[in-house]
Amino acid sequence: MTAAAATAPPPAGAHAAGWPEPQPIGGELPPVLPMAEGLLPEALRPLCADVAERMQVPLGFPAAASVCCLAGAVGRRAMIQPKARDTGWQVVPNLWGAIVGPPGVMKSPLLRAVCAPLRAISEQWRVEHQSAVEDYEQAREEAEIRASAWKQSATAAAKKGEPIPVRPDDSAAPPAERRLLVADATMEILHQILAANPAGVLVLRDELTGWLAMLDRQGREGERAFYLSAWAGDTSHTVDRIGRGSIHVANCCVSILGGIQPARLRAYMADALTGGPGDDGLIQRFQVSVWPDLSADWRNVDRPPNATAMAAATGMYEHLVRGDPESPWRYRFSPEAQELFDEWRGELEGRVRGDDMHSALAAHLAKYRSLMPSLALLFALADGGEDTVDLDHARLAAAWCDYLESHARRVYSCIVSPALRAAAELARRIRGGWRAREGQFRGRDVYNCGWTGADTPERARAAIEVLMDADWVRRVEVPRASEGGRPTELYGINPRARGPK
């Protein structure tokens with residue numbers, strides 16, 4: 001028997017006597033609330049259920065996307081006064097949302113499916129705009145002919161000393177293009193689009209990572225500031241460019257919806273929420289962020305999309321986009337709903353002003369002051385309510401805030417040290433049976449696996465030290481093979497840490 005074998009712990013399945021109960025690591029994902037169909041407005045419920053079933057994704061994905069589509073369709077066409085008497089606080093129901101999931105979970109296809117009604121409206125507007133442009137071009141050519149004839153007549157009249165004829169009206173302006181969706185545009189182009197669309201637009205990004213990386217580049221500080229101000233939906237912005245003059249937008253309103261992978265979200269948040277220049281509240285504006293649990297069960301659903309559900313959603317959106325941002329629908333809470341909101345907000349303020357949560361999460365939840373009334377207004381609009389948000393829609397919005405807060409806590413759980421994240425991943429592997437037969441491992445066994453956060457000797461050692469402190473593993477003394485040789489890093493696994501057989 002070798003010295004290493006004599007000092008190594010017994011293999012998996014041996015008695016766990018002498019080992020303490022392993023302690024929680026702290027880097028694991030916290031649980032989240034599931035989405036229920038009853039939390040959705042009736043006009044969107046069938047479409048979300050249809051997409052979730054056909055694509056075998058959690059209902060929370062299409063539900064969150066639909067809420068952001070609602071916000072994009074409404075924009076500045078409606079507002080709500082959250083307080084009973086304070087008319088100075090008016091909320092534009094503008095939302096940013098992200099669906100968080102690993103590659104291959106159908107994020108992009110489900111976004112296309114949920115946004116299909118808005119795309120249909122956008123296509124209709126595009127066709128109408130093209131027709132209007134053709135009419136304008138014809139009118140412009142006719143105006144040029146009339147102007148040329150007038151110029152000749154005016155010249156002849158002037159030579160004869162006769163009165164100059166009245167100049168024909170040639171003041172026709174090119175038709176503005178109505179836009180509802182924007183996929184990829186520079187800040188200057190988006191600003192021009194907003195100038196022609198005072199209700200606002202919805203920016204759709206299959207992957208938010210590229211958009212976030214763009215805003216982090218040196219020299220893009222102006223674009224980042226623009227998006228930060230466009231979140232509230234009521235901030236003016238002016239762009240001055242040589243050769244283009246000045247373009248002023250009285251109220252910039254930009255909704256955002258996209259997908260992002262967990263690993264990239266972790267990496268971004270680790271950099272953005274450490275007090276650097278990226279810690280400016282941008283990530284906290286993604287209030288409708290969902291990171292649901294993925295079911296291991298899958299079945300093949302092969303049927304046509306629910307045409308009735310699509311038609312119902314499209315009809316609802318078509319009604320909403322007819323609203324006038326220059327004379328928006330103005331809503332208030334009913335007395336019962338107002339009482340609910342006041343009580344709900346009082347509880348929220350007590351939590352975000354306390355000191356028992358991370359400051360970044362507290363800043364995120366503080367923006368729920370506007371999220372709750374925004375959701376209540378959007379749900380009332382989707383169900384055809386007029387002027388007043390009733391108690392049912394206020395309760396629905398409060399339930400959504402509970403749902404979204406559980407997902408926000410999962411998102412912000414990324415704010416842990418790299419060593420703690422790596423330790424949580426290693427603990428998950430051990431619980432799943434890694435090295436269960438041997439009951440031990442070496443340091444290089446960890447970093448050779450290439451797991452995120454533990455892919456170098458230094459990172460692997462830091463993760464192992466966290467597990468040692470939590471009684472998941474312990475160092476095994478191994479005699480040196482020769483005088484002066486490097487000691488072998490060998491660690492025994494706590495049998496109590498492994499999952500059930």
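The values are calculated or read from the model by the stated rules, or taken from the named source; none is laboratory data. Just so it is clear, the structure is predicted and the values come from calculations on it, not from any experiment. Note that each Cβ is placed from the backbone with ideal geometry, even for glycine, and that neighbours are counted across all protein chains shown.
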For this session: Kindly list, by first and then second residue, each pair from a residue in segment 488-501 that is among the aliphatic types (A, V, I, L, M) to a residue that is assigned to a loop (DSSP other than H, G, I, E, B) and modelled with pLDDT under 80, limited to pairs with Cβ atoms under 6 Å and residues at least 6 apart or on different chains.
Result: L490/V478
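Considering only residues that are over 13 Å from I260 (Cα atoms) and hydrophobic (A, V, I, L, M, F, W, C), which ones fall in segment 97-118? Please lay out each step first, then the result.
From segment 97-118, those over 13 Å from I260 (Cα atoms) are 109-110, 112-118; that's our starting set.
Of everything in segment 97-118, those that are over 13 Å from I260 (Cα atoms) and hydrophobic (A, V, I, L, M, F, W, C) turn out to be L110, A113, V114, C115, A116, L118.
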For this session: Quick one: count up the residues across segment 224-245 that are surrounded by fewer than 17 Cβ atoms within 10 Å (Cβ to Cβ) and part of a helix (DSSP H, G or I).
Result: 3
For this session: Starting from residues that are loosely packed, with under 15 Cβ neighbours inside 10 Å and not small (G, A, S), keep the ones in segment 100-111 and report whichever is nearest to A65 (Cα to Cα).
Result: P109
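Can you go through L377, L365 and tell me which one is over 19 Å from the mean Cα position of the chain (by Cα), crowded, with 19+ Cβ neighbours inside 10 Å and under 30 Å from R77 (Cβ atoms)? Before you say what the answer is, go through the steps one by one.
Details: L365 fails: over 19 Å from the mean Cα position of the chain (by Cα).
Step by step, each of L377, L365 is checked, and only L377 is over 19 Å from the mean Cα position of the chain (by Cα), crowded, with 19+ Cβ neighbours inside 10 Å and under 30 Å from R77 (Cβ atoms).
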Exercise. Looking at segment 484-501, which of its residues are at pLDDT 90 or above and either assigned to a helix (DSSP H, G or I) or closer than 12 Å to R431 by Cβ (or both)?
Worked result: I493, N494, P495
Exercise. Is there a residue being surrounded by 15 or more Cβ atoms within 10 Å (Cβ to Cβ), modelled with pLDDT of 95 or more and in a helix (DSSP H, G or I) anywhere in segment 345-353?
Worked result: yes
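Do we have T209 as over 30 Å from F286 (Cα atoms), of a type in the set (S, T, Y) and modelled with pLDDT of 85 or more here?
Values: over 30 Å from F286 (Cα atoms): no; of a type in the set (S, T, Y): yes; modelled with pLDDT of 85 or more: yes.
Against the criterion (over 30 Å from F286 (Cα atoms), of a type in the set (S, T, Y) and modelled with pLDDT of 85 or more), T209 does not qualify.
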For this session: Please enumerate the residues belonging to segment 288-341 that are in contact (Cβ under 8 Å) with a residue 40 or more places away in the chain, acidic (D, E) and more than 27 Å from G60 (Cα to Cα).
Result: D324, E326, E336
Exercise. Among the residues of segment 212-219, is there at least one that is surrounded by 15 or more Cβ atoms within 10 Å (Cβ to Cβ), within 30 Å of G323 (Cα to Cα) and within 21 Å of the chain's Cα centre (by Cα)?
Worked result: no
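Check whether at least one residue in segment 312-324 is over 30 Å from I80 (Cα atoms), loosely packed, with under 15 Cβ neighbours inside 10 Å and modelled with pLDDT of 95 or more, and report yes or no.
Step one: filter segment 312-324 for residues over 30 Å from I80 (Cα atoms), giving none.
Looking for residues that are over 30 Å from I80 (Cα atoms), loosely packed, with under 15 Cβ neighbours inside 10 Å and modelled with pLDDT of 95 or more, one finds none in segment 312-324, hence no.
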